[in-house]
Amino acid sequence: MRYPFPVGTVDFIQGDEAIARAAILAGCRFYAGYPITPASEIFEAMSIYMPLVDGVSIQMEDEIGSIAAVVGASWAGAKSMTATSGPGFSLMMENLGYAIMTETPLVLVNVQRSGPSTGQPTLAAQGDLMQAIWGTHGDHSLIVLAPATVQEAFDMTIKAFNLAEKYRTPVILLTDAEVGHMRERVYAPHPDELELIYRKLPANEEEAKYPFGDIHGDLVPPMPVFGKGHHTYVTGLTHDEKGRPKTVESEIHEKLLKRIVEKIEKNKKDIVDYEGYGLEDAEIVIIGFGIVTRSAMRAVKELRKKGIKAGLLKLNVLWPFDFELIERIAEKAGKIYVVEMNLGQLYHMVKEGANGKVPVELIPKIGGEIHTPKEIIERIKDNLR
Amino acid sequence: MAKEIYTKYKMAKYLRKEALPTALCPGCGGGTVLNAFANAIDQLGIDPRDLVVVSGIGCSAWIASPYFLADTLHTTHGRAIAYATGVKVGLPDKKVVVISGDGDLAGIGGNHLIHAARRNIDITVILVNNFIYGMTGGQVAPTTPFGAITTTSPYRNVEHPLNIAETVTSAGASYVARWTTFHVYQLIESIKRALSVKGFALVEAISQCPVQFGRRNRMKTPTEMLRWFQRNSVLISKARNMSPNELEGKIVVGELVNREKPEFTEELNSLIEEVSKHYGLGDNNAD
């Protein structure tokens with residue numbers, strides 16, 4: 001098949017546009033959305049592209065309806081996605097929990113803007129990190145990815161679909177207004193270069209009877225999608241392996257929830273991804289994610305020029321969180337700095353990972369602007385004086 | 001016990017055996033609606049494998065799931081129609097039915113109801129209206145009659161109820177009807193029509209909740225509530241010649257609308273055809 005955009009070549013496009021194109025390359029054929037700055041361009045691109053690839057993009061009455069329709073379409077068998085920003089992300093929290101509980105593969109893009117509430121609609125922030133991981137109520141797990149460049153937004157969108165399908169879970173692509181609205185050179189792979197994952201379907205009628213049973217021992221049940229005559233029963237209530245509601249049996253609840261959490265946790269090695277720079281000999285390690293790591297990278301290079309052994313750890317996956325990686329770094333480094341565009345969220349996770357082995361200091365910034373390399377350098381140098 | 005039920009009641013073949021007996025209170029109208037729905041499916045000869053039934057939260061939501069033997073999606077409070085929208089777009093050839101209550105579909109989920117009707121998406125909604133939030137203990141609903149007693153309007157309800165069927169008619173649905181659990185045969189006929197029509201279809205089934213509503217409003221038994229439905233119902237043809245004063249407190253029953261209109265998923269599919277005709281990329285892999 002052909003695509004309504006260049007593939008196997010480079011283009012110069014916005015992050016939001018890159019996410020839409022990558023989703024289509026990943027096989028996404030259902031999109032439901034509601035307009036919101038700075039994520040609307042994803043929706044607009046989907047509206048243009050989807051009918052050209054025999055897909056559907058629809059506008060719902062709100063973000064609650066958008067993610068609900070996405071869950072419905074996913075059970076109808078389609079790879080499905082929605083995108084939003086802070087206020088819409090808040091509205092999606094309940095049905096995100098439903099998707100986790102019912103093990104529904106979907107991709108939810110949050111192009112972060114500055115909050116709380118309507119905040120600064122056009123300006124970037126990283127204030128939704130904790131919400132992305134813990135925003136929906138109850139015990140749970142899911143996957144959160146964070147791109148720092150338009151190319152990464154593209155690549156991680158494809159990865160998000162693969163992980164969602166592989167582990168039957170919602171995946172959040174946590175980007176921000178800077179990456180979303182920035183134009184950069186992007187290489188869009190040819191479909192032949194891509195390895196796409198599709199959800200595991202039941203091999204036979206017997207397997208279809210256990211939509212929530214670990215029948216293959218890999219913690220991920222095959223998904224008996226609708227319309228095949230399986231009589232699948234799906235509920236957000238606590239359910240047994242057959243999907244039947246079991247709301248007062250504590251052992252069934254524990255078994256279900258532990259599997260949902262463990263299918264992510266035990267596959268951490270397959271899911272987590274990070275990039276290190278200068279970590280081999282770094283005495284000072286900067287840790288961050290997303291757009292701000294580009295400033296941090298520059299800061300690290302400048303510090304190294306001045307003879308300060310600095311390093312960068314850029315986290316591409318924020319959940320599951322690699323606490324052990326942080327601990328290994330903490331064992332070698334003299335000090336860790338966490339750079340983030342909020343008042344301290346990743347900081348707490350890094351502190352937990354560092355486990356008291358090394359001082360961890362936060363370099364926060366809010367208001368919609370990215371830290372400049374100079375701001376990071378000065379803060380570090382101040383401490384060295 | 002299950003065996004007895006299955007030989008005695010013909011419609012029980014459409015139910016999930018393991019989910020029986022139902023959790024509905026004795027005298028609840030939910031069973032009547034479930035029975036009417038099963039009869040409609042049976043009479044139309046619809047294979048349950050071609051059905052996806054979606055519901056929200058509350059007593060009436062349980063009619064669809066777990067009780068009905070089909071692909072069923074038991075969703076979050078108020079959002080059933082939005083979930084069903086995704087299902088229908090993904091599986092346009094299947095019958096997608098939403099069964100849920102008044103608080104769920106017209107209260108917290110009212111916006112989805114209105115907009116699905118406006119889109120005229122081919123979903124059949126059976127809205128069980130019992131005037132009350134039953135599962136949570138009998139709180140006031142957007143459908144509770146003016147003056148009625150509930151646990152959160154213990155002195156009297158000072159709000160006026162939403163006319164759901166009229167609202168959905170105005171919003172643009174293809175088919176809208178309202179009956180009560182007293183009018184079982186009419187209810188079955190309307191559900192059949194709702195399932196057959198192409199477009200958004202709503203059947204509002206006024207139903208008795210003697211436990212949470214009747215008990216506090218001088219209708220302790222299901223029989224008293226059904227008599228109230230009988231006495232208070234006015235056929236729509238008659239209601240058209242009645243003044244608002246005369247209609248105060250009455251239940252207008254019948255078919256409010258049955259019209260042909262472009263349907264959403266068909267429009268989406270013809271859009272795909274149009275777009276690929278005018279801007280099509282072809283399916284050769286020449287690049």
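Within the stretch A:122-165, track down each residue that is assigned to a strand (DSSP E or B) and open to solvent by less than 10 Å² (accessible area, probe 1.4 Å).
Listed by number, the residues that qualify are A:ALA124, A:ILE143, A:VAL144, A:LEU145.
On the basis of being small (Gly, Ala, Ser), buried (at least 24 other Cβ atoms within 10 Å of the Cβ), within 8 Å of chain B (Cβ to nearest Cβ) and in contact (Cβ under 8 Å) with a residue 40 or more places away in the chain, does A:ALA32 make the cut?
Taking the combined requirement at face value, the residue satisfies it.
Find the residue count for the stretch B:101-146, including only residues that are open to solvent by 10 Å² or more (accessible area, probe 1.4 Å) and polar (S, T, N, Q).
Adding up the residues that qualify gives 4.
Could we say that A:ILE252 is in contact with an Asp or Glu (Cβ under 7 Å, 6 or more places away or on another chain) and either open to solvent by 30 Å² or more (accessible area, probe 1.4 Å) or on the phi > 0 side of the Ramachandran plot (or both) here? Write out each step before concluding.
Values: in contact with an Asp or Glu (Cβ under 7 Å, 6 or more places away or on another chain): yes; either open to solvent by 30 Å² or more (accessible area, probe 1.4 Å) or on the phi > 0 side of the Ramachandran plot (or both): yes.
For A:ILE252, the condition - in contact with an Asp or Glu (Cβ under 7 Å, 6 or more places away or on another chain) and either open to solvent by 30 Å² or more (accessible area, probe 1.4 Å) or on the phi > 0 side of the Ramachandran plot (or both) - is met.
If we only count helices (runs of 4 or more DSSP H) wholly inside the stretch B:208-287, which ones have 1 or more residues that are more than 14 Å from every other protein chain (Cβ to nearest Cβ) and not hydrophobic (A, V, I, L, M, F, W, C)? Working first, answer last.
Details: elements: B:222-232, B:236-239, B:244-247, B:264-279.
Because the criterion is at least 1 residues that are more than 14 Å from every other protein chain (Cβ to nearest Cβ) and not hydrophobic (A, V, I, L, M, F, W, C), the helices (runs of 4 or more DSSP H) in the stretch B:208-287 that meet it are B:222-232, B:236-239, B:244-247.
Does B:ILE108 satisfy the condition of being more than 25 Å from B:SER233 (Cβ to Cβ) and within 16 Å of the chain's Cα centre (by Cα)?
Against the criterion (more than 25 Å from B:SER233 (Cβ to Cβ) and within 16 Å of the chain's Cα centre (by Cα)), B:ILE108 qualifies.
Quickly run through the stretch A:47-96 and pick out the residues that are open to solvent by 10 Å² or more (accessible area, probe 1.4 Å), of a type in the set (Gly, Ala, Ser) and at the interface with chain B (Cβ under 8 Å from one of its Cβ atoms).
Those that are open to solvent by 10 Å² or more (accessible area, probe 1.4 Å), of a type in the set (Gly, Ala, Ser) and at the interface with chain B (Cβ under 8 Å from one of its Cβ atoms): A:ALA76, A:GLY77, A:ALA78.
I need the full set of residues from the stretch A:1-17 which are more than 14 Å from every other protein chain (Cβ to nearest Cβ) and either open to solvent by 50 Å² or more (accessible area, probe 1.4 Å) or of a type outside the set (Gly, Ala, Ser) (or both), in order please.
Result: A:VAL10, A:PHE12, A:ILE13, A:GLN14, A:ASP16, A:GLU17.
Please give the number of the condition B:GLN43 fails out of (1) open to solvent by 30 Å² or more (accessible area, probe 1.4 Å); (2) facing another protein chain (nearest Cβ under 9 Å); (3) in contact (Cβ under 8 Å) with a residue 12 or more places away in the chain.
Here B:GLN43 meets the rest and fails (2).
Could you please find all residues in the stretch B:60-75 being facing chain A (nearest Cβ under 7 Å) and either open to solvent by 10 Å² or more (accessible area, probe 1.4 Å) or of a type outside the set (Ser, Thr, Tyr) (or both)?
Hits for the stretch B:60-75 are B:PRO66, B:LEU69, B:ALA70, B:ASP71, B:LEU73, B:HIS74.
Residue check: is A:GLU280 out of contact with any Asp or Glu (no Cβ under 9 Å at 6 or more places or on another chain), not in a loop (DSSP other than H, G, I, E, B) and not aliphatic (A, V, I, L, M)?
Here the answer is no, as A:GLU280 does not meet what is asked.
Report yes if some residue within the stretch B:190-203 is without any contact (Cβ under 8 Å) to a residue 12 or more places away in the chain, open to solvent by less than 90 Å² (accessible area, probe 1.4 Å) and more than 14 Å from every other protein chain (Cβ to nearest Cβ); otherwise report no.
Within the stretch B:190-203 (the criterion being without any contact (Cβ under 8 Å) to a residue 12 or more places away in the chain, open to solvent by less than 90 Å² (accessible area, probe 1.4 Å) and more than 14 Å from every other protein chain (Cβ to nearest Cβ)), the answer is no, since none of the residues qualifies.
The values are calculated or read from the model by the stated rules, or taken from the named source; none is laboratory data. Everything numeric in this text was worked out from a predicted model, so none of it was measured. All Cβ positions, even for glycine, are placed from backbone atoms using ideal geometry, and neighbour counts span all protein chains on display. When the accessible area is computed, the model is the full protein with side chains, heavy atoms only, and any ligands, DNA or RNA have been set aside. Shrake-Rupley method; radii C 1.70, N 1.55, O 1.52, S 1.80 Å.
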